[in-house]
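Data first, discussion second: the structure below is written as structure tokens.
The values are calculated or read from the model by the stated rules, or taken from the named source; none is laboratory data. These figures come from a predicted structure and were not determined experimentally. Here the Cβ positions follow ideal geometry from the backbone for every residue, glycine too, while neighbour counts run over all protein chains shown. Surface accessibility is based on the protein's heavy atoms, side chains included, excluding ligands, DNA and RNA. Shrake-Rupley method; radii C 1.70, N 1.55, O 1.52, S 1.80 Å.
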Amino acid sequence: LGRLKHFKSMDRLDNQANLLTRVSANYQNLVEIYYNSRVNSLVRSPFREEIGGWYNNQIIYLNVGLVKIKPVKFLLYPNNQIVTNAGMRQIYFDTKYKLNESWSVGTDSRFNLTSHQKISAISRNIKMTYEGDCVKIDLRFGRNYTADPSRGIYKTNNNEVAISLKTLGDF
């Protein structure tokens, strides 16, 4: 259970706190089933709900979830227009396979399941990780299919490299 507060002095519609909830059941860090939600503190009803589960046996990692988002009002800048976004349903998949002690590969995808549209991809990625004694390198290549030109959101290609160094010695 938690609380999320956005501090946007100009945005009166978003100047309220959301309650975050998470309920999960975990069996020996091998399987977990979970439910997450965001509850509007004024209306007291969830506007974002997520149910899913994962499996991890140290070689194969699988995560599947279903997200339901109810319509939400927000203030659009710079023209101060009040907009209500359409609710949606999404499903996501995340997989990873450990090739050996140092290398793993994986993929993740997210799809829109809104009932009046056909199933459409929101994003797809391919991931590769190298983990050595002192360094971890993550490569991620993908595509974000979401586009809303009225809000300045366009389809993009993602090419990411993350390098993490492990701490050497105590401080």
>> Return the residues of region 56-66 that are more than 13 Å from the chain's Cα centre (by Cα) and surrounded by fewer than 14 Cβ atoms within 10 Å (Cβ to Cβ); say none if nothing qualifies.
In response: ASN57, GLN58, ILE59, ILE60
> Do you know which residues across region 97-123 are at pLDDT below 90, hydroxyl-bearing (Ser, Thr, Tyr) and in contact with a Lys or Arg (Cβ under 8 Å, 6 or more places away or on another chain)?
Replying inline: THR114, SER115
> Filter region 125-137 for residues that are open to solvent by 50 Å² or more (accessible area, probe 1.4 Å), assigned to a strand (DSSP E or B) and not aromatic (Phe, Trp, Tyr); which is farthest from SER102 (Cα to Cα)?
Replying inline: ILE126
> For the subset of region 138-171 comprising residues that are open to solvent by less than 60 Å² (accessible area, probe 1.4 Å), farther than 26 Å from LEU66 by Cα and assigned to a loop (DSSP other than H, G, I, E, B), which member is modelled with the highest pLDDT?
Replying inline: GLY152
